[in-house]
Amino acid sequence: ALNAKTSVAVDATKVTAISGALADVTAAIITPATKVTTAANVAVTIKGELTAANVTELEAIATATTGKVTATIADTAFNLKAIDLEASTDAITIKVTNDYSLTGTAAADLKALDANTSVVVDAKAVTLISGTAADVTDVTAVLSAKGIAKAANVAVEVTGGNISAYEANQIAKLTTGS
C-alpha cells in the first residue's frame, strides 16, 4: 500500500476511481491506519465475487463515498436480504443462489434486494419463489420492469390468505413451472 511507504498522509482527492480486491479497497478508504484521503464522490469497483459475509464491508464502502460502487455479490436471498446500501444507484450485481429449503426463496427478500441496486438481480438459480400473493405479485411487477431475472420454470408457492383473480393471473405469468 502506498501509505505504508510514507509518513505523510496520502492525498488522493484528485483520483476519480479506485479499483481492487475488497481487502485493498477497505484498507484504502475505510481502515483508519491505512486510509488515504479520497474525494467524497470517488467511484469504487470491487474485484472478485463477494458473499453475505462481506456485506458489512460493502456497506461501509458504499457509505464512505457518494460515488458509484460496483461489485458482485452471490448468496441466498435470505442471507443477502440484510443489505442496506446508501444509494440504489450503486451497481451491485446480486446473484441469488438457490435456497434449498422447503420454503424456497421469499418473494419479499427478492424485492428487498432489487431495491438496493441499479442493475438486474440475477435469480436464475432460484427454483422456488414463495410468499404472500401480494409479495409474489409485486415480484411479477419487478420482473416486468426487468429488475429481477429468473428461470422460466421457477415454481411459485403462495402462502397464507386469499388470492384475487388479478393476483392469480399475474403470478401465472411468472412461471412455466408449477
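The values are calculated or read from the model by the stated rules, or taken from the named source; none is laboratory data. What you see is a predicted model, and the numbers here were worked out from it, not measured in a lab. Cβ atoms come from the backbone with ideal geometry, glycine included; neighbour counts cover every protein chain shown. What goes into the accessible areas is simple: the full protein's heavy atoms, side chains included, and nothing from ligands, DNA or RNA. Shrake-Rupley method; radii C 1.70, N 1.55, O 1.52, S 1.80 Å.
Points worth noting:
- Extreme residue, nearest to A107 (Cα to Cα), among residues of region 47-68 that are within 11 Å of the chain's Cα centre (by Cα) and surrounded by 15 or more Cβ atoms within 10 Å (Cβ to Cβ): A52
- Of everything listed in (1) modelled with pLDDT of 90 or more; (2) in contact with a helix residue (DSSP H, G or I) (Cβ under 8 Å, 6 or more places away or on another chain), the single unmet condition for T70 is (2).
- I29 vs. criteria of a type in the set (A, V, I, L, M, F, W, C) and over 27 Å from F78 (Cβ atoms): yes
- Yes/no for A168 being over 18 Å from the mean Cα position of the chain (by Cα) and either of a type in the set (K, R) or open to solvent by 20 Å² or more (accessible area, probe 1.4 Å) (or both): yes
- Residue match in region 1-14 (condition: at pLDDT 95 or above and touching a strand residue (DSSP E or B) at 6+ places or on another chain (Cβ under 9 Å)): no
- Put simply, of T70, T176 the only residue that is touching a strand residue (DSSP E or B) at 6+ places or on another chain (Cβ under 7 Å) and polar (S, T, N, Q) is T70.
Conditions (1) out of contact with any His (no Cβ under 8 Å at 6 or more places or on another chain); (2) open to solvent by less than 20 Å² (accessible area, probe 1.4 Å); (3) in a loop (DSSP other than H, G, I, E, B); (4) at pLDDT below 85, marked per residue:
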{"residue": "T117", "(1), (2), (3), (4)": "yes, yes, yes, yes"}
{"residue": "D135", "(1), (2), (3), (4)": "yes, no, no, no"}
{"residue": "T140", "(1), (2), (3), (4)": "yes, yes, no, yes"}
{"residue": "G177", "(1), (2), (3), (4)": "yes, no, yes, yes"}
